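Just below is one structure, and these are the notes that go with it.
Here, each number is a calculation from the coordinates, and none is a lab measurement. None of these values were measured; they are calculated from a predicted model. So basically every Cβ, Gly included, is an ideal-geometry build from the backbone, and we count neighbours across all protein chains shown.
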Amino acid sequence: MKNTFGSSVQITLFGESHGKTIGAVLDGLPAGIPVFPERIAKQLELRRPYGKISTGRVEADRFEIVSGVFEGKTTGTPLCIIIPNENVQSGDYTLLRSVARPGHADYTAYVKYHGFEDYRGGGHFSGRVTAALTAAGAVAIAALQGKGIRIGTHITRCAGICDRGFVDMKEDIGELNGKVFAVLDEKAGAEMQEAIRIAAKEGDSVGGILETAVTGVPAGVGEPWFDTLEGILAHGLFSIPGIKGVQFGAGFDGTDLRGSEFNDPFRMEGGQVRTLSNNNGGINGGITNGMPLLFRCAVKPTPTIFREQKTVDFRKGEDAMLVPKGRHDPAIIHRARVVVDSVTALALCDLLAQRYGTEGLGGTGCFTD
């Protein structure tokens, strides 16, 4: 019954989809980190539903920082952000109290919490809670930016349609962070959105793959074996609802290569160690090598679809049929990408604090190798 992630810098999530509020507590941040409410608002805006390719549930996300910040900077004590739930329709879920929605956590939550769980809208398992994760992540993103670290995620594939890959990472990341539908090829993005709309009209949903690049992370971050950078990042990324796979660098695609093709040759460049390729995604032995971090996340199709599906009534112990009601996304990938950025930032803040101490996240200047 644990809802906390991190060691030196920790985040705890609380709240339910249809409860009074959702929120997050960030603990372990040093004093003096600037907190920008407008950046938090911007990140929440990027997560918000977008047109006919998203749910009809649109929340204002009027967040409030209730502790841990004074005169625009962290105080070093737990930082708590709360976001009220204002647009709920709990009646849509009355009939689902004992009927499991395929692909959701209704049944597993019932087993875990012995029937005492808040089932409305998925309760604590709902993607709604990622708004709090996004708000907290915005604080972490700003802290990393102050250290010269940049994070950017794009929809590299959706409904079988592919975006172009990263070319100039610095430029591409800057472009992506200003987009509601984060793609690098606008034509591909328009085709993806049309595919999502078609799926919605047919009462169905689509999934895809997100690709994330992180620049400015120094070499030497991460631990061997159980606390590798891949392990900690994957731990956080798999907490995001709908993430079903994570790969670093070439990942599964690299398994068809020979070692001579997969290895990343080392060279000196401007007095620094660099690699000529990046099939390992900027990580060797679980530790950063100074190259950009590169990884992908598989996002499953939204489980709630407006089609009749076979299921069970787990309280009655009998088979049932289900056509869900309510407001749901035909795709979550375009909203999930800002959540991936947030989790990435939180994980990196934790790992950097372990490497340099929590005070290393404060002050000015970039990290050095």
Exercise for review: Subtracting the Cα-Cα distance from 0.36 nm times the residue separation, let me have the gained length for Glu186 to Phe252 in nm, one decimal.
Suggested key: 21.1 nm
Point to revise | Largest-first principal axis extents of the Cα set of region 4-354 (Å) | key: 67, 50, 38
Practice item. Subtracting the Cα-Cα distance from 0.36 nm times the residue separation, let me have the gained length for Ser239 to Arg97 in nm, one decimal. Key: 48.7 nm
Review point. Of Phe266, Ile332, Gln354, whose Cα points farthest to the positive end of the dipole of region 219-369 (charges on the beta-carbon: +1 Lys, Arg; -1 Asp, Glu; origin at the Cα centre)?
Key: Ile332
Study note, to complete from the structure: Length gained, Thr4-Glu86, 0.36 nm per residue minus C-alpha separation, equals 27.0 nm
Review point. Under 5 Å between amide H atoms, partner at least 5 residues away or on a different chain: which partners does Thr228 have, H built in plane at 1.01 Å?
Key: Glu223
Exercise for review: Determine, for Tyr50, Tyr119, the number of other Cβ atoms within 10 Å of each Cβ, and report the residues in order from fewest to most.
Suggested key: Tyr50, Tyr119
Practice item. In debye, nearest 20, what is the charge dipole magnitude of the chain about its Cα centre with +1 on Lys and Arg Cβ and -1 on Asp and Glu Cβ, if you could check? Key: 720 debye
Point to revise | Förster radius 30 Å - calculated FRET efficiency between Phe226 and Asp168 (Cβ-Cβ, nearest 0.05) | key: 0.25
**Study point:** Cα gyration tensor, region 204-247 - rounded (a/c under 1.5), prolate or oblate
**Key:** oblate
Practice item. Would you mind checking which residues have amide H under 5 Å from Val246's amide H? H placed 1.01 Å from N; only 5 or more apart, or other chain. Key: Ala298
